[in-house]
C-alpha cells in the first residue's frame, strides 16, 4: 500500500470560507497530522449530479448536470461531497507536548467536539479536587476548601487500590460535594480526584464545537474535505485498547493534486503524538447503579455494582440537517445536529440478577464504563446516567464456554443532578457524558 498521511484543522467558521470568495481559505488553515489507522481513511466522495432523462431520437443518453459554482472564466469548479471515515486510538493528553499542549489542539478531543457538546476545561479550581473533610462512610459526600469552579454534572476520577474509579458531581451545597455513582471505596481526608474534559449530549438543544477540515496526502495526490461533522461514532475495545471510528459528513471534497507540495513530493505530513498513553480497559472499573436512576431525584447518591465485561461497544448516531445557503460552494451554512441515538452493548461474564425486572418495570440505571491508567491527562469514562434496557436481561448467552449475559441499553432522560445550587452548566443532567482526563 502506498504511503499516505491524514491531518485535520479546526475551522474558525463553518467551511472556512474566505472573505470575498465562495471557496474555503486554504491558506488560513493550520493542519495538524493525526496518528490513525491507515486502512480506514476514506475521503473520496461523489460528484453532485442532476440526472437527466430527456426525450430523444434514439437510445443514447444525455450528460448529467454537474452541480457546482463557476469561476470568472465560466469554468465549473470541481466539487464532490461524501464521507470521511477515520479510526484512531484513544491516545490521551498526558503532560502535553509542544504541538499538543492541551485539549484545544488534541485531535480526538476536537473530533468528539465536532458533533458533541464540549464542557471545556475547568474555569477555576485547577485539574485536581482535594478532599478536605470526608463524609460519613457510605454518604457519597465530601467537603472541599473552596468549591469555586466545580460544576454539577462533571465527571471525576479517583485512583483507589491501584484502579481508576469514576463518578459524577450531582450536587454542590456550599463546600459539600455529592457524587454518584459510588466510588470503589469511601474517600478519606486529603484524598484527591482528577477532573475531566466532558463531551456531552445535553438535556436540551446542543451547541457543538467547531467544524473540521481534513487533508489526506499521498505520493502525487492530495484530497481535502471541508465543513465536516460526524454522523456516526463507534467506540470499542480491541485487544483491550480503545478504538474510535468516526464517520464524518463532508459537504465539500476536492482534490489538489497540482499543489506545489504534491508536485515536489513534500506533501506527506508527519503525525503529532500526544504525550499520554493509549486508553485501555485494564485498570478501569465498569459499574451499574444498585438502584434504578429514574426513581432518584436531584442530588442522587446511587450505590454501584461492578460489572465484569467480556465485551462491549458503544455507538452514537447523530442526525445532521443541512442548513441551505447558495453563496458558498458548500451550499450550506452549517450541519445542524438535530437528534442523537446512543446504544451501549455489553456482554457480562458474570450475569447480574439485580437487572432481572428492569425491562418489565421500565427501570433505568446509571451505567459507567471506566478505563484504566493513572496520572495527569489520562483516564477516560463513558457515562449514561439513565440507561434504558432494551433486551430481556434474563436471557443467557450459551454460546461460550460459560454462561454470559448480553445486554443493550439506550440513552434515557437524566434527572439526577441538582441544578438549584452551586455552579451549573450544560453538563448538568446531560443524557450522555464522555470524559477525557485532565
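Tabulated results
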{"quantity": "Gain on full stretching of the segment that runs from residue 49 to residue 190 - 0.36 nm per residue minus C-alpha separation", "calculated": "44.3 nm"}
{"quantity": "Extension gain, residue 360 back to residue 67 (0.36 nm per residue minus Cα-Cα distance, nm)", "calculated": "100.2 nm"}
{"quantity": "Segment 170-271: relative contact order in percent, alpha carbon pairs under 8 Å with at least 6 residues between", "calculated": "21"}
{"quantity": "Percent of C-alpha pairs per 5 Å bin, segment 289-372, short to long", "calculated": "3, 10, 14, 16, 15, 11, 7, 6, 6, 6, 3, 1"}
{"quantity": "Shape of segment 323-388, Cα gyration tensor, a/c cut at 1.5", "calculated": "oblate"}
{"quantity": "Two-site FRET efficiency, residue 264 against residue 12, from Cβ-Cβ distance with R₀ of 35 Å, rounded to 0.05", "calculated": "0.75"}
{"quantity": "Cα gyration tensor category, rounded, prolate or oblate, for segment 215-342 with a/c compared to 1.5", "calculated": "oblate"}
{"quantity": "Rough spin-label spacing in nm, given labels placed 7 Å along Cα→Cβ, for residue 311 and residue 37", "calculated": "1.5"}
{"quantity": "Neighbour-count order for 402, 383, 66, fewest beta carbons within 10 angstrom listed first", "calculated": "402, 66, 383"}
{"quantity": "Amide N of segment 1-30 lying under 14 Å from the label point, which is placed 7 angstrom from the Cα of residue 219 along Cα→Cβ", "calculated": "1-5"}
{"quantity": "Shape category assigned to segment 142-298 from the gyration tensor of Cα positions, a/c cut at 1.5", "calculated": "prolate"}
{"quantity": "Most mobile of 186, 127, 259 in a GNM of the chain (Cα contacts under 10 Å)", "calculated": "259"}
{"quantity": "GNM top mover of 301, 61, 110 - the chain, alpha-carbon springs below 10 Å", "calculated": "61"}
{"quantity": "Residue 121-residue 327 FRET efficiency (beta carbon distance; Förster radius 45 Å; 0.05 resolution)", "calculated": "0.80"}
{"quantity": "Calculated FRET value between residue 420 and residue 257, using beta carbons and R₀ = 51 Å, to 0.05", "calculated": "0.30"}
{"quantity": "Ellipticity estimate at 222 nm from DSSP helix runs (n ≥ 4, -39,500 (n - 2.57)) divided over the chain, nearest 500", "calculated": "-500 deg cm²/dmol"}
{"quantity": "Highest-MSF residue in the chain out of 72, 343, 394 [GNM, Cα springs under 10 Å]", "calculated": "72"}
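Since every read-out is calculated from the coordinates, none of them should be taken as a lab result. None of these values were measured; they are calculated from a predicted model. Positions of Cβ are backbone-derived with ideal geometry, glycine not excepted, and every protein chain shown enters the neighbour counts.
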